[in-house]
Every structure is written in structure tokens, then in C-alpha cells.
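Okay, structure first, notes after.
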Amino acid sequence: MTALRYVYALCFPLGAPLQEQMKGIGGAPTEELEHHGLVAVVSDVPEEDFAETPLKAHLEDLDWLAATARAHQHVIDVLTGVTTPLPLRLATVFRDDSGVRSMIEDREDDFRHALERLEGRVEWGVKVYMDDRQTDTAEDNITATKATSGRDYLRQRHTRTMAHDELWGKAEEFARRLHTTLSSHAEDARLHTPQSATLSRAAGRNVLNAAYLVARGRSEEFVELVDRTGDDSPGIRVELTGPWAAYSFTGLTEGET
Amino acid sequence: MTVVERREIALVDLLDRLLAGGVVITGDITLRIADVDLVRIDLNALISSVNARVPSPWPEVSGR
């Protein structure tokens, strides 16, 4: 079996060795490959999974993708505990260590700048949902009062649409305000595409899907702010995720999207 | 309003970051999400949801 080298992240050399041996994809131990004052965190992955053709096939397999993504995230997570890693996109693979080294040489200035910019910072994810069930319930109530005429029916349907539109408008306004407030308490902000409900299996409709770059030392304050900013709006839900490594703020994603 | 802090990371949140974020480096094996023939329903929808350039209803606000 030939092995390829999978790169999880780049970071500055760790001050101290890791407490425990990290395990990466497929349970393979990770290694720190130091070159030009930068460290690439790598592990072996089997060529039969990560060569171009099998990789394409695997990516269509949600279970495989999930396991790989979680293994990748685990490594980033452990690193985040001891340093500020520059996380790489999923499935960055090289034939051998010399490939990894020349990659570092090619872009070392970019990497160094990004690492310095992100040092001591983490990413928080904030999502706002509009809870459709609120209007659905109203809908049920309306259906319960049986329409007695065509005009009645139309009026009821109108009320229902109005309730939905009103909630939608409210949720958007809420999300806009929250985003403005949180952005002013963050060093940087990114808007991700709202998630589809089928995939997230979350209740309600995703109105805001944002990421904020916050200094580690100010994170507690930021989280409290998210907690507080709510104005008891019925039908609106806020979800917080993190702290994440600064995936959305590497500034080195151009040429992709 | 309720604020929910999730302990378990949802796959969709993870993929938002791992497929649309992170440093893009052309390795020896190039993974181009756009080239992948995404036939599986879930994943297909997922990738288009992650990569779609849906215009935001308001201008992106930067912290500084």
C-alpha cells in the first residue's frame, strides 16, 4: 500500500510537544513537518482512497465525507488548544514530504502573514432561524375555523400569508441588526450561504449564517453579547457554534468560489 | 429568542468551513469540488448550498 501525505494545517513551531499523540484520518498518527520556520501537520493516507479517482468517488459518499471531515476537524481542534493553526481545505494531499516542503516554500510569505494576522483569534459561528412552525400553527388554527364561504377562505389565506411575511420581515431585520452588532465586536465577519433545512435538519428557515473573527481573550464577552442581543422575538432562534479555528478568515481561498 | 449552544458539531457547519473555507492549496492530487460529479442527492444539494453565490440581502459589514 502506497501512502500519500495529507496536510491538515500549517502553524508556527509548537513551543512544547503535544500531550498526546494526535490521530488523524483513518487513525494514522500525525507528524509535524518543519520547514523554513513553518510546520505542516501531516499524516499518511492510503493512495487507494486519496488518489484522484477514488477521492472523487468517495466525495459522493456522505458517510465517508463525514468521517473524513470529522477526523480533519479533530486534528484542527487539538491544534487550536495549543496554537493558532492555519487550517487547510479538506483533502489537501501530496505524494511525499518533498511535495509538502516545496508547497511551503512557494507560499511561505502568505502563510506567515496569515498566521500572524490570526494569532490568538478564533472564529464563532452564529446562525439565525425563523421558526416557520409559528405560522404553521396559526395556519392550523385558521383551518380549524372552517371557512364558510369562498370569500372567507380567501381572507383566511390572506391572513396566513401576512403572518408569514411579517415573521420573515421581522427575522430579516433581527438578523441584520444582530450581524451589525456582532460585526462591530469582531475583527472581521463573513457571511456564509444560509443552510438548506434538508441538510441541516434544523427546524425553521436559516436567515443568517455568519462567522466572526474574535480574539480569544474577548470571546467570553462576544458569547455573552450573542446571548444578550436577543429581544425575546417569538419565532426567532439564534444558534452559536465554536470556537472554531479561523477557517473562514484565512484570506487564502481565492481562485475557488 | 433562544440561544442554543451545540456541543456536537453539525456536519453541515463543518462542511461550510472545510469545503468553502480553509487555505486552498493545489496539492499533488487536486480536489476541485466543482469537478466532482456529485450524484448523491444530499451531497449535491450540500455542495451547491455551500458554494452557491447567493447574494446577501444586505451588504457585508466588516468589523473594521
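Things to note:
- Dimensionless Rg over Rh [the stretch A:3-119; C-alpha; Kirkwood]: 0.96
- Net charge in the neighbourhood of A:ARG5 (other residues with Cβ under 10 Å of its Cβ; Lys, Arg +1, Asp, Glu -1) is -4.
- Distances between placed amide hydrogens fall under 5 Å for A:GLY242 paired with A:GLY125, all partners being 5 or more residues away or on another chain.
- Take the Cβ atoms of A:THR148 and A:ARG201, set R0 to 30 Å, and the FRET efficiency comes out at 0.15.
- Mean projected area in nm² (Cα convex hull; one quarter of hull surface) for chain A: 17.8 nm²
- Phi to ³J(HN,Hα) by Karplus 6.51 cos²θ - 1.76 cosθ + 1.60 over the stretch A:12-22, Hz, x for Gly, Pro: 6, x, 6, x, 9, x, 5, 4, 9, 5, 6
- Charge context of A:SER102, other residues only, Cβ under 14 angstrom, K/R +1, D/E -1: -2
- Efficiency of FRET between A:ASP110 and A:LYS170 - r from beta-carbon atoms, R0 51 angstrom, step 0.05: 0.75
- Sorted ascending by nearby beta carbons within 10 Å, beginning with the fewest, A:ASP61, A:ASP131 become A:ASP61, A:ASP131.
- Model label points for A:ARG216 and A:HIS36, set 7 angstrom from Cα along the Cα-to-Cβ axis, are 2.6 nm apart.
- Integer Hz, Karplus 6.51/-1.76/1.60 couplings in order for the stretch A:214-221, x for Gly and Pro: 9, 5, 3, x, 10, 5, 4, 4
- Ascending count of other beta-carbon atoms within 10 Å, so fewest first, for A:THR80, A:THR53: A:THR53, A:THR80
- Amide H contacts of A:HIS35 (H built 1.01 Å from N, under 5 Å, at least 5 apart or other chain): A:ALA40
- Sorting A:HIS179, A:HIS158, A:HIS72, A:HIS164 by the number of Cβ atoms found within 10 Å of their own Cβ, with the fewest placed first, yields A:HIS158, A:HIS164, A:HIS179, A:HIS72.
- Under-5 Å amide H pairs with A:LEU208, H placed in peptide plane, nonlocal only: A:VAL128
- Backbone geometry of the stretch A:168-175 corresponds, through the Karplus equation with coefficients 6.51, -1.76 and 1.60 at θ = phi - 60°, to 3J(HN,Hα) couplings of 4, x, 5, 5, 5, 5, 4, 5 Hz, x marking Gly and Pro.
Computed from the coordinates by the stated procedures, all read-outs in this text should not be read as laboratory data. Computed from a predicted structure; not experimentally measured. As a convention, Cβ positions derive from the backbone with ideal geometry for all residues, glycine included, and neighbour counts pool all protein chains shown.
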